[in-house]
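Notes follow once the structure below has been shown.
Just so it is clear, none of the values below were taken in a lab; they were calculated from the coordinates. If you're wondering where the values come from, they're calculated on a predicted model, not measured in any experiment. Virtual Cβ from ideal backbone geometry, glycine too; neighbours counted across all protein chains shown.
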Amino acid sequence: MKRLIVAGQKPDSVLSPLEQDVLAVLWTNKRMRVREIHSILKRKKKVALSSVAVILDRLHENNIVGRDIERARGGVRYIYYSSCDKQAFEKNAVDAAVNKLMEQFGTSAVSYFNERFGRK
């Protein structure tokens with residue numbers, strides 16, 4: 001399964017395809033309730049409302065999305081939003097991946113980067 005590394009998390013932490021889909025919706029629509037996100041996602045694939053809620057909670061725990069509480073008839077509900085835009089998220093993911101490579105492979109990683117990306 002292809003996954004992204006998230007800055008601020010352990011380097012082996014990654015996003016699932018559903019987490020990526022949820023983030024894509026939030027990057028487009030800014031602030032949304034779980035049901036609104038679910039409504040958009042279910043047009044493309046079969047997904048349970050509870051799965052979207054669990055994913056959003058997990059993303060919130062990892063500081064990838066924020067949430068505000070809104071009082072509603074019958075209780076409260078969360079309004080979710082992305083903690084950063086797509087470009088910042090991708091930059092953080094690449095930064096975390098490169099840092100992990102540097103930690104694990106040190107000078108070998110530097111040599112590789114110089115060979116691969118050095119000026120020709």
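Relative to the longest principal axis of the Cα atoms of the chain, the long axis of helix 86-117 lies at roughly 20 degrees. Please check which bits of region 32-66 a label hung off R77 would reach, taking the label as a point 7 Å along Cα-to-C-beta and the cut-off as backbone N under 12 Å. Answer for this model: 32-39.
What ranking of T28, T107 emerges when the number of other C-beta atoms within 10 Å of each C-beta is taken as an exposure proxy, fewest first? Let's see the in-between values first.
Details: T28 11, T107 8.
Taking fewest neighbouring Cβ atoms as first place, the list is T107, T28.
Full extension of the chain segment joining A48 with S108 gains 17.1 nm, where the gain is 0.36 nm per residue of separation less the Cα-Cα distance.
Candidates V110, F89, S51 compared by Cα position along the dipole of the chain: farthest toward the positive end lies S51, with charges placed on Cβ.
Averaging the Cα positions of each part gives two centres, and for region 54-70 and region 18-35 these lie 11 Å apart. If you filter region 65-101 for trypsin sites (Lys or Arg not before Pro), then keep DSSP loop positions with at most 15 other Cβ within 10 Å, what is left? Here the trypsin sites (Lys or Arg not before Pro) that fit, given the DSSP loop and packing criteria, are R73.
Of the options [x] 16.1; [y] 14.4; [z] 13.7, only one is Kirkwood radius over Cα pairs in Å as computed from these coordinates, and that is [x].
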